[in-house]
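Working notes, beginning with the structure itself.
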Amino acid sequence: MEYGKISFVAARGEAPQKALETLRARYGDVDVQDADVIVALGGDGFMLHTLHATQALPAPVYGMNQGTVGFLMNEYREDDLIARLQAAEAAVIHPLRMHATCVNDDTTEALAINEVSLLRSGPQAAKLRISVDGRVRMDELVCDGALVSTPAGSTAYNYSAHGPILPIGADILALTAMAAFRPRRWRGALLPMDATITFDVLEHEKRPVNAVADSTEVRNVLRVDINSEPGISHTLLFDPGHGLEERLIREQFA
């Protein structure tokens, strides 16, 4: 694949903006609509922002870390960028689609590359009913929250909540509870990628819950339906030997 036309995008901080200026001067820059490849300068949050903003475009995204964690990013170097792009390994991922219904009957749809999470927003624990493909699987989960994660997002919030790390090619989703009180110590479930997971919020007036799809938050939800969206693809590029699969394996032995 030839990557002659590069579009550089950067987070707002001083370091990524300085890198943006340097790389544009060295390699040129085209409008993102005309790019063969998009080079994102920032951290993982900015990478997620870039993927959402460019999901309708065919160009893959190659990130260089100018943030903190940088799990989705490559090492920042100014030299040999063209050669690195030509040698890069591609990883194709699909987002989740969240359909949230609020207590006032408003509905919101949003996509999540990492996870969709439900979080209590009041002093009392949330109380959730969980259904999979229309069948109730748990009548009542009392918890601080719960989330559904993609393989690509399984090392993020999901892993911090003691959920499993999923191989990038796995056709499964992780459903993970946060601070489960009843059933006590329930750790969650692994579900088929094509499953539809539904959370019904019980006692919503007493136990309000918010839903978050990556950075899109919906307050006071009554019901949240989550499913994978195979019709939308994101292509990320990684330096050889540092691809997403390798990173997911390495994270488990850190």
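Near the amide H of Met138, within less than 5 Å, lie the amide hydrogens of Ile130, all on another chain or at least 5 residues away, with H placed in the peptide plane. Bridging of Lys5 to lysines at a Cα separation below 25 Å is possible for Lys18, once same-chain residues fewer than 8 apart are set aside. Per DSSP H run of at least 4 residues, take -39500 (n - 2.57); add these up for the chain, divide by its residues and hand me the 222 nm value, nearest 500 deg cm²/dmol. For the chain, the value works out to -4500 deg cm²/dmol. Straight-line cross-link reach from Lys206 at under 17 Å between alpha-carbon atoms covers these lysines, not counting any fewer than eight positions away in the same chain: Lys127.
Across the range 80-92, computed HN-Hα scalar couplings (Karplus, 6.51 cos²θ - 1.76 cosθ + 1.60, θ = phi - 60°) run 6, 4, 4, 5, 5, 5, 5, 8, 5, 8, 9, 10, 9 Hz from first to last residue, x flagging Gly and Pro.
Under 5 Å between amide hydrogens, built in the peptide plane, is the criterion, and for Thr196 it picks out Asp133 among residues at least 5 positions away or on other chains. For Asn220, the shell of other residues with beta-carbons less than 10 Å away shows a net charge of -1, using +1 for Lys and Arg and -1 for Asp and Glu.
For the range 32-40, backbone phi angles converted through the Karplus equation (6.51, -1.76, 1.60; θ = phi - 60°) give residue-by-residue couplings of 4, 5, 9, 7, 7, 8, 10, 9, 9 Hz, Gly and Pro being listed as x. Amide H to amide H distances under 5 Å link Val39 with Ser7, Phe8, Val9, Tyr62, where only residues 5 or more positions off or on other chains count and H is placed in the peptide plane. Each Lys and Arg adds +1 at its Cβ and each Asp and Glu adds -1 at its Cβ; summed about the Cα centre, the range 96-228 shows a dipole of about 600 debye.
The trypsin sites (Lys or Arg not before Pro) of the range 1-66 that meet both conditions, a loop assignment by DSSP and at most 11 other Cβ atoms within 10 Å of the site Cβ, are Arg12.
For the chain, modelled as a Gaussian network with Cα springs under 10 Å, which listed residue fluctuates most, Asn104, Asn65, Asn210? Among Asn104, Asn65, Asn210, the largest GNM mean-square fluctuation belongs to Asn104.
For a quick check, take a GNM of the chain with Cα springs below 10 Å and name the residue from Ala146, Ala211, Ala83 with the largest mean-square fluctuation. Looking only at Ala146, Ala211, Ala83, the biggest GNM fluctuation is shown by Ala83.
Read-outs: derived from the displayed coordinates by stated rules, not from any lab. Worth saying up front: this structure is predicted, and the values here are computed from it rather than measured. Note that we place each Cβ from the backbone using ideal geometry, even for glycine, and neighbour counts take in every protein chain shown.
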